[in-house]
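*Asks:* I have a structure I would like to understand better, so I am pasting it below and will then ask my questions one at a time.
The values are calculated or read from the model by the stated rules, or taken from the named source; none is laboratory data. Computed from a predicted structure; not experimentally measured. Every residue, glycine among them, receives a Cβ derived from its backbone with ideal geometry; neighbour counts consider all protein chains shown.
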Amino acid sequence: MKRNFFVMMVALVAFSLNLTAQQTQQGQRGQRTQWNPEQRAEQVAKDLELNADQQKQLKEMFVKQQEEMTKIREQAQGDQANRREQFVELRKKWDADMEKIVGPEKMAKWKALQEERARNRRNGQGNQN
């Protein structure tokens, strides 16, 4: 009786681990993880070794970015070309704003990190922080 119970528990644990692994793999291949502005600011501050004031400014900037992106998505429903064009323009503005906060050296480091992460995603290595 005890042995049957033990075998059933081991099978249940193995099945649940397999299911969890499959869900994780599907999540990695599917959509990217969406970070909130605070998480983004924390990660950038960590990556670029920023001070608390710079991190606070980034968080405020990321909140505004999120609001602007939501507004564009709502206004440009169905017009993907227009939306993409607006996002490109916003990206240039955001990069300039970020450079004002972190400085040119750290902005160069940030762009290099972004390029490396993009390469890793293209090569199937997922989100490398």
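*Asks:* How many residues does the range 81-95 contain that are within 15 Å of F62 (Cβ to Cβ) and either β-branched (V, I, T) or more than 19 Å from the chain's Cα centre (by Cα) (or both)?
*Replies:* 1
*Asks:* If the Cβ limit is 7 Å and pairs must be 6+ apart or interchain, which residue in the range 111-129 that is under 23 Å from M98 (Cα atoms) pairs with which residue that is modelled with pLDDT of 90 or more and surrounded by 11 or more Cβ atoms within 10 Å (Cβ to Cβ)?
*Replies:* Close Cβ pairs satisfying both conditions: L113/D47; N129/Q43.
*Asks:* Same structure, new question: Being over 18 Å from P37 (Cα atoms), aliphatic (A, V, I, L, M) and either in contact with a strand residue (DSSP E or B) (Cβ under 9 Å, 6 or more places away or on another chain) or surrounded by 11 or more Cβ atoms within 10 Å (Cβ to Cβ) (or both) narrows it down to one residue among A112, A81, A118, A108; which is it?
*Replies:* Among A112, A81, A118, A108, only A108 is over 18 Å from P37 (Cα atoms), aliphatic (A, V, I, L, M) and either in contact with a strand residue (DSSP E or B) (Cβ under 9 Å, 6 or more places away or on another chain) or surrounded by 11 or more Cβ atoms within 10 Å (Cβ to Cβ) (or both).
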